[in-house]
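S.K.: Right, I'll just put the structure down here and ask away after.
Derivation of every value follows stated rules applied to the coordinates shown; laboratory data play no part. Keep in mind that this is a model prediction, so the values were computed, not measured. We place every Cβ from the backbone using ideal geometry, glycine too, and count neighbours over all the protein chains shown.
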Ligand SMILES: NC(=O)c1ccc[n+]([C@@H]2O[C@H](COP(=O)([O-])OP(=O)(O)OC[C@H]3O[C@@H](n4cnc5c(N)ncnc54)[C@H](OP(=O)(O)O)[C@@H]3O)[C@@H](O)[C@H]2O)c1
């Protein structure tokens, strides 16, 4: 399966690109600038020289031609970015990983985007696509460090069973990551907002936390 990532030149998108490529997905790194995407692809291939990562570079339109598409832009650009490639995204599963946050002084504060969550805004921008929300709590640096597995649960929600299942299948391919079906897209609001808490913990404890729930059998 080919996975395109829009806004993949940032830490989250490029980290996800490396991780997905490392488990065998064909990945297209997307950007508003194809040249910027090519630089990031070259950097990833150089960093992980010898792993033969299947990563290509394209502008966001090219990346949106993939079978499944991830939106990894800042929250306030996610809906517009999806809308700009709505034709390419039609009928496809689109994963939104953006969190609406503001840093005020040393404090991370969750914002309430239109329709309550970024993922809901993206779904409204591309009503003919099947939007799921996932990967909000996985730290970018850990995602992109292929020397270590990513020890994390991944909450997934969507109004489309196909999108939930496709996202679960992707997460299941990544060692030590555990996909959890967290229900309808309405739950994207608390999932996204909780990222502010994780960032606050990172600052307070000088680390990068991820999420693990107790009471579930992993593996
Ligand atoms: N960083 C993390 O640890 C982490 C973890 C989980 C989820 N997230 C979420 O993932 C998303 C990306 O995070 P990030 O830290 O990688 O963000 P980022 O570096 O700020 O942005 C990612 C990319 O989005 C594109 N972009 C920026 N402004 C844009 C605009 N106005 N319109 C269209 N594209 C724009 C840029 O790519 P081009 O200039 O190449 O187009 C940029 O490199 C965020 O919403 C974040 O909340 C982050």
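S.K.: Using Cα pairs under 8 angstrom and six or more residues apart, how large is the relative contact order of segment 52-160, in percent?
M.R.: Dividing the mean separation by the residue count of segment 52-160 yields 23 percent.
S.K.: In nm, give the distance between the simple-model label positions of residue 147 and residue 51, each being 7 Å from the Cα along the Cα-to-Cβ direction.
M.R.: Roughly 1.2 nm, to one decimal.
S.K.: Once you keep just the Cα pairs under 8 angstrom separated by 6 or more residues, what percentage relative contact order results for segment 16-67?
M.R.: 45 percent
S.K.: In what order do 38, 97, 51, 177 fall by count of nearby beta-carbon atoms within 10 Å, going from fewest to most? The partial results should precede the final answer.
M.R.: On the way: 38 16, 97 28, 51 13, 177 22.
The fewest-first ordering by Cβ neighbours comes to 51, 38, 177, 97.
S.K.: Looking at the square roots a ≥ b ≥ c of the eigenvalues of the Cα gyration tensor of the chain, which shape do they give, rounded for a/c under 1.5, prolate if a/b is larger than b/c, or oblate?
M.R.: rounded
S.K.: Return the calculated 222 nm mean residue ellipticity for the chain, to the nearest 500 deg cm²/dmol, obtained by summing -39500 (n - 2.57) across DSSP H runs with n ≥ 4 and dividing by the residue count.
M.R.: Counting only the DSSP helices, I get -11500 deg cm²/dmol.
S.K.: Counting other beta carbons within 10 Å of each Cβ, put 118, 126 in order, fewest first. Before the final figure, lay out the partial values.
M.R.: Details: 118 30, 126 25.
Least to most surrounded, the residues fall as 126, 118.
S.K.: With a Förster radius of 41 Å, plug the Cβ-Cβ distance of residue 165 and residue 207 into 1/(1 + (r/R0)^6) and report the FRET value to the nearest 0.05.
M.R.: Once rounded, the FRET efficiency stands at 0.80.
S.K.: Among 32, 19, 128, which comes first, then next, by fewest other beta-carbon atoms within 10 Å?
M.R.: Ranking 32, 19, 128 by Cβ neighbours within 10 Å, fewest first, gives 128, 32, 19.
S.K.: A follow-up question, please. How would you classify segment 100-219 from its alpha-carbon gyration tensor, with a ≥ b ≥ c the square roots of the eigenvalues: rounded for a/c under 1.5, else prolate if a/b is greater than b/c, otherwise oblate? List each step's numbers first, then the result.
M.R.: Details: a/c = 1.94, a/b = 1.08, b/c = 1.79.
Cα axes put segment 100-219 in the oblate bin.
S.K.: Considering only 207, 164, 73, give the residue with the highest GNM mean-square fluctuation for the chain, with springs between Cα atoms whenever their separation is below 10 Å.
M.R.: 207
S.K.: Sticking with this structure for a sec: Simple spin-label model, 7 Å along Cα-to-Cβ: residue 61 to residue 77 in nm?
M.R.: Between residue 61 and residue 77, the simple spin-label model gives 1.8 nm.
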